[in-house]
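Accompanying notes for the structure given below.
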Amino acid sequence: MWFIITIVVIIIIVLLVIFYLLFKMKGFLKENFNTGSLKEAFKNSELKEESTPKSLSSMENIYDSKIRKDFPSLNLNELRSEAESVILKAYNSIEDKDKKVFKEAGQVRQFIINKIDDAKNTDTHYSSCKVHRTVLNKYENRAGIATLTFQSSFEYVKRVGNKTDKIQSRMNTMFIYIVDDSKVSKREKTIGLNCPNCGAPLRGVGQRVCVYCGSGTEDIVKRTWVINNIAEV
């Protein structure tokens, strides 16, 4: 008899705990997702993730004084705007299957080519690309090359077959400035600059003429900030 009573009491306690946990979970879902349904909460969570821009890591306060010292006339806002334009242009080119853009920036061009090839193999389309915000993420000035990396939060609509999703992502956009080309001859492979006419890789930052097509190339890296690479992170 006592055994049966004990079993019944345990069952009642377990049921009470379950009902309490369900009550608390329902309250949590109502407070955070405005619904009492777990399924609806997951759906709301996905919608929230789709509409919330990615957080960014801004280091502008740390690098500002150093940049102003090294490049007093540099307008960071202009480069920031250019970084955003590069992102939009890149994704428009991916959707248009245009592999000829950014010939002078080989790594940027390769990013676009890879995306185009992937999209073709999986019937993927990109549209409605929008940049939310762009911050300075990194600055370096060493071995004859200064680099500025901007980080942008952006969104785009990705359609694979019949499935369409709005994606929130981040993009790093790198610019380089050749401070002293005599110091970078051994690092030429890491620069990633190409002939603006035919897209052939430059053998060195001091190269005046493309050995493949004969076009002048010196002005690509002469006293100006140029786009060097982009990467989705």
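Just so it is clear, none of the values below were taken in a lab; they were calculated from the coordinates. It should be emphasised that the depicted structure is a prediction, and the values quoted were computed from it without experimental measurement. Here Cβ is always computed from backbone atoms with ideal geometry, including for glycine, and neighbour counts include all displayed protein chains.
Any residue at all in region 56-65 that's outside any strand (DSSP E or B), of a type in the set (A, V, I, L, M) and free of Cβ contacts under 8 Å to residues at least 24 places away in the same chain?
Checked region 56-65: at least one residue is outside any strand (DSSP E or B), of a type in the set (A, V, I, L, M) and free of Cβ contacts under 8 Å to residues at least 24 places away in the same chain.
Got a number for residues in region 61-94 being among the polar types (S, T, N, Q) and within 19 Å of the chain's Cα centre (by Cα)? Give the steps one after another, and end with the answer.
First, the residues of region 61-94 that are among the polar types (S, T, N, Q): 61, 65, 73, 75, 77, 81, 85, 92-93.
Still in the running and within 19 Å of the chain's Cα centre (by Cα): 77, 81, 85, 92-93.
The number of residues fulfilling the criteria is 5.
Within region 95-145, which residues are hydrophobic (A, V, I, L, M, F, W, C) and more than 15 Å from the chain's Cα centre (by Cα)?
Once the filter is applied, which keeps residues that are hydrophobic (A, V, I, L, M, F, W, C) and more than 15 Å from the chain's Cα centre (by Cα), region 95-145 yields Val101, Phe102, Ala105, Ile113, Ile116, Ala119, Ala143, Ile145.
Please count how many residues of region 68-122 are of a type in the set (Phe, Trp, Tyr), crowded, with 18+ Cβ neighbours inside 10 Å and assigned to a loop (DSSP other than H, G, I, E, B).
1
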